[in-house]
Amino acid sequence: MSRQQSMIDLLLKLAPNEGYTLSILNGVKLMRANRYMPRMPVLYEPSIVVVLQGKKIGYLGDQVFQYDPQQFLVLSLPLPFESETFGAAEEPMLAISIRIDLAVVAELVLSLDANNSQSGLPQLSMVSTAMDDQLSDAVLRLLQVLTSRQESEILGTSIMREIYYRVLTGQQGSAIREALTHQSHFSKIGKALKRIHTDFASELDVSILAEYANMILVSMLAALMFLGGWLSPVSFIPDSFLWLLAKVGFLLFLFLWFRATFPRYRYDQIMRLGWKVFIPITIVWIVFVGGMMQTPWAHLFH
């Protein structure tokens, strides 16, 4: 039995009724049409649609997209377009729709970019292409695991991830990248996931999190008490809360810079630094500012 016939038999079993059938795997829908359906408006979420039998034609403005058996369509954006379906009772139109998880795709894109592996046609919101053997094999395995709830829960997400990878490294990779440019916060999620996966083996406990929280608190207090808080350092630029954020960010940068450059200070060294360096500098600064307030340049220190 050919791979295509195996996929058709599985989909007929999984989708016994006409219309959309939700699979036991979140994000995967099965489509079946036992008759011809004329051109009508539809709205698809970002997804990968694979046609196994029959034919569909999509219309987006002046563009026409035809996807026959063993072809797939990537919809990178939730665009309203029109669709025409060709099916019959003896040979229904069969397709599978796989929702694009942009968080997972963003993580894959970061890994591919790190290896300088970029491919794909110019960015389009909709593209139809023939499946290669690797992608076809992944879709077949996805249909096979959908027949078992246990296998779907254990293997389903990994197979979907493989399908995303196959599409990203194929001719339609740029179509999914287009989705990420319109959903930039998913890219941030992907970066966070990549950081977790990269540093998973390193120690990250409550004490380390508390240390970073303390750095933010100390930087905020220092900015408020010693750097003027939200006040502008120059008179010709208005005061703003952004000044406070900028000062806190600068102090955090100094924290991280010094920690990465110099050995950790002992407590006696910190005490000596505070009493013999910072306190004298603060006293000198107070005297300097007090003196400047009595000069014609006093407005610069308001």
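The values are calculated or read from the model by the stated rules, or taken from the named source; none is laboratory data. From a predicted model like this one, the values you see are computed outputs, not experimental measurements. Backbone-built Cβ (ideal geometry, glycine too); neighbour counts: all protein chains shown. For accessibility, only protein heavy atoms count, side chains too; no ligands or nucleic acids. Shrake-Rupley method; radii C 1.70, N 1.55, O 1.52, S 1.80 Å.
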Which whole-Hz ³J(HN,Hα) couplings does the range 255-263 yield from phi under the Karplus relation 6.51 cos²θ - 1.76 cosθ + 1.60, θ = phi - 60°, glycine and proline marked x?
-> 4, 5, 5, 5, 5, 7, 9, 10, x
Residue by residue through the range 139-151, the couplings from Karplus 6.51 cos²θ - 1.76 cosθ + 1.60 with θ = phi - 60°, in Hz, x for Gly and Pro, are 5, 4, 5, 5, 5, 5, 6, 5, 7, 10, 5, 5, 5
Within the accessible area of the range 209-302, what % is carbon and sulfur when the probe is 1.4 Å and the other protein chains stay in place?
-> 78 percent
Three-way shape call for the range 1-41 based on the alpha-carbon gyration tensor, with the a/c threshold at 1.5 | oblate
Which loop chymotrypsin sites (Phe, Trp or Tyr not before Pro) in the range 211-302, with loop taken from DSSP, have no more than 13 other Cβ atoms within 10 angstrom of their Cβ?
-> F236, Y265, W297
Once label points are set 7 Å from the Cα along Cα→Cβ at both S111 and R35, what is their separation, rounded to one decimal in nm?
-> 4.6 nm
Accessible solvent surface per residue of the range 1-46, calculated while the other protein chains remain in place, 1.4 angstrom probe, Å² | 61 Å²
Spelling it out for G54: with amide H atoms placed in the peptide plane at 1.01 Å from N, the residues 5 or more places away or on another chain with amide H under 5 Å from its amide H are L94
Determine the shape class of the range 214-302: with a ≥ b ≥ c the square roots of the Cα gyration tensor eigenvalues, call it rounded for a/c under 1.5, and otherwise prolate if a/b is greater than b/c, oblate otherwise.
-> oblate
Counting only protein heavy atoms with a 1.4 Å probe and every protein chain in place, the carbon and sulfur fraction of the accessible surface of the range 1-65 in whole percent equals 54 percent
